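Comments concern the structure below.
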2 protein chains.
Amino acid sequence: MSRVINFNAGPAGLPLPALERARDEFIEFGKSGMSIMEHSHRGKDYEGVHNEAIALLKELLAVPATHEVLFMQGGAHLQFSTIPLNFLPPGKTADYVITGNWANVAASEAKKLGALGVGKVNVAGNTEVEKKFTRVPTQAELKLTPDATYVHTTSNNTIFGTQFQAFPDTGAVPHICDMSSDILSRKLDVSKFGMIYAGAQKNIGPSGVTVVIVKKDALARCTRPIPSMLDYRIHVKKESLYNTPSTVGIFVIEQVLQWIQDEGGLSAIHARNEDKAARLYAELDRTAFWRPHANPDSRSRMNVTWRIHNPDLEAVFIKEATAVGLNGLKGHRDVGGLRASIYNACPTESVDALIAFMKDFEKRNG
Amino acid sequence: MSRVINFNAGPAGLPLPALERARDEFIEFGKSGMSIMEHSHRGKDYEGVHNEAIALLKELLAVPATHEVLFMQGGAHLQFSTIPLNFLPPGKTADYVITGNWANVAASEAKKLGALGVGKVNVAGNTEVEKKFTRVPTQAELKLTPDATYVHTTSNNTIFGTQFQAFPDTGAVPHICDMSSDILSRKLDVSKFGMIYAGAQKNIGPSGVTVVIVKKDALARCTRPIPSMLDYRIHVKKESLYNTPSTVGIFVIEQVLQWIQDEGGLSAIHARNEDKAARLYAELDRTAFWRPHANPDSRSRMNVTWRIHNPDLEAVFIKEATAVGLNGLKGHRDVGGLRASIYNACPTESVDALIAFMKDFEKRNG
């Protein structure tokens, strides 16, 4: 077997040691005589996996005792509706900061729920210019509602390759953040957030699991009946075992989290991610042959987006890169050009291989 | 490795050939140089898996062209809310037939949504006696609403071990059925249902995927805005790729469906399941030492429930059975006693091993 170099935006590459560990126990978990998928989610074998995955997340992210970690289903997308159902009562307002496509969808799903009696959505900031986003807003630009029930932001934007380097200050208003594409990529002060959520398929594990980190005292705000599966209070009370979770997904997540810890935890991962991104942006800034998309102060460490000065060369670049084993570099259609997603599992050597290919490509086409 | 005999109620045993196939490709899918979990859900490799799993479900269940097969998330539990949001407009009534705990939860989740403006729930039948269910209702017992928007039933009840042998006739009213615990266990006329749904973790594959089979013309009934992730119209239009599904779950499901086909399809599986259940019920009827729970005409072919004439022996039975490798036989607390879940992946030999143990146990304790 030869592993290709994978720059997919998500589902993304997973660390090989985590995959190998999961594969080795895929048919028999421990000495239990059955796969983890065949264990009851209420039996001690699966509960060990479940609790260990939650404990590792708490440890790696230094989650304070004020917050609880949940595993849910339906991706970040279902959270877009679940958040206002829980936290946006009739007559109240929530602030949304629009920095990319997913932030837009989060706001429009919340607006849609007006028909089911939830409160109002205020767009507190929007950096869209001619259907593109090249930056996140400054604090001064935000028009926050003083008595909002929450402020919603999107930490990192996979499509446009922008990222908050410092998060907005939301004052006393709970800050709810979609960190689907950069959770576990850098150190984080969880205590500053009312809620953090993330689809697993970038830095956490396979798709089909959503990680939610919610401040417990925020949950008292929800007083009306909502579907039980969308009720954070129930999932907190039942420790994410109200219904059967994706047991195979959480089993793989446990292996990925263990790998992060083996690598030295978030400090080491953070430093490596900064270094990888710095190398790639240095190449993009070296020559006018490349045209980096995001503003320097808003550049994502996870998704690096750029065009070529002559756009006709972009298709050639992708074809030749794929031929030498550099996969997943085609930019999203909303930006065009090229995108390298360099999540946690992408090693520095893969970034170096891409840079070497880029230098060679410029030489041949410059 | 030695595989234990697994009578778990769910997540349940999976066929070993399917597990082995998934394990063999767990790190490298085909010759793609990466795991299926690392492929984009919009790339051709994953799409092949996705489409093949849907095609196999359509073929095995002979799904007519009037119906579409969807993969969703959140288990049957999230469907309990999703169904009324889609199909129960204000001012209308839906009929629920209560034959066990999950049917009860389905009805109570629908009632809860009155607060979000959905219509009324009518209990059209309820076979509960002293907090227990021992049978499903007869057609004559049902009090169906003539202009109901749908009738909801639960095909098989894992806790009490009852099952509809013939489904109620709902006339022109769409019949929506939770088949979580017996889908793919027997031949089925899908054309008779407005919708069928099932959590995957009994006969389909790992937990974390929900299969929905919905009649397309029923979807026009939903006209108000609901969360996109709960909107069947969107999932039909996007072919279950509106958001990132559980790609690893659907990959394992593809292997399980392939195994069912290799075994001879639903005719062969159906015959084997009838035979397995007949052997076990024959043992239960052979001696007054055992006290089968369900009425003979409502007996489940998937979950066989019984007590011992002297309940003190039940804990002894479970302990000794576990010691000889017969796992998962403890009954649900609502019934007590014993339960053997004998889903598709449970071979006839496992049922025979249980029967042999039972005969020996009676001899020693009778």
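The numbers here are math on the coordinates, done by the rules we state, and not lab data. As the structure is a computational prediction, the values presented were derived from the model and not from experiment. All Cβ positions, even for glycine, are placed from backbone atoms using ideal geometry, and neighbour counts span all protein chains on display.
Summary of computed values
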quantity	calculated
Along principal axes, Cα extents of the stretch B:16-262, largest first, whole Å	58, 39, 30
Proxy reagent accessibility, fewest Cβ within 10 Å first, across B:THR127, B:THR247	B:THR127, B:THR247
Label 7 Å beyond Cα on the Cβ vector: A:ASP334 copy-to-copy distances, nm	4.5
Debye log10 I(q)/I(0) for the protein assembly as shown, one point scatterer per Cα, at q = 0.08 Å⁻¹	-0.65
Interchain or long-range residues, amide H under 5 Å from B:PHE7's placed H	B:ASN327, B:GLY328
Extension gain from B:LYS143 to B:ALA220, taking 0.36 nm per residue of separation minus the Cα-Cα distance	25.1 nm
Relative contact order [Cα under 8 Å, 6+ residues apart], chain B, whole percent	23 percent
Partner chain coverage, peptide B:208-217 - average Cβ within 10 angstrom	2
Whole-Hz ³J(HN,Hα) from phi, Karplus 6.51 cos²θ - 1.76 cosθ + 1.60, for the stretch A:27-33, glycine and proline x	9, 10, 7, x, 10, 7, x
Order of B:VAL252, B:VAL351, A:VAL316 under a 10 Å beta carbon neighbour criterion, fewest first	A:VAL316, B:VAL351, B:VAL252
Exposure proxy ranking, count of Cβ atoms within 10 Å, fewest first, for B:GLU283, A:GLU239	A:GLU239, B:GLU283
For the stretch A:23-39 versus the stretch A:170-213, the gap between their alpha-carbon centres in whole angstrom	30 Å
Segment A:ALA353-A:ARG291, extension gain: residue separation times 0.36 nm, minus the distance between their alpha carbons	20.4 nm
Label distances, nm, B:ASP297 versus same residue in remaining copies, Cβ-directed 7 Å point	7.8
DSSP beta bridge pairing in the protein assembly as shown, given as percent antiparallel to the nearest 5	60 percent
For B:LYS143, label point 7 Å along C-beta direction: distances to other copies, nm	5.6
Filter on A:LYS330/A:LYS359; B:LYS58/B:LYS202; A:LYS58/B:LYS202 - keep pairs with C-alpha separation over 22 Å	A:LYS58/B:LYS202
Gain on full stretching of the segment that runs from B:GLU47 to B:SER108 - 0.36 nm per residue minus C-alpha separation	18.3 nm
Positive minus negative residues near A:ASN51 (Lys, Arg vs Asp, Glu; Cβ under 14 Å)	-3
Label-point separation in nm, B:GLU130 to B:LYS31, each point 7 Å along Cα→Cβ	6.8 nm
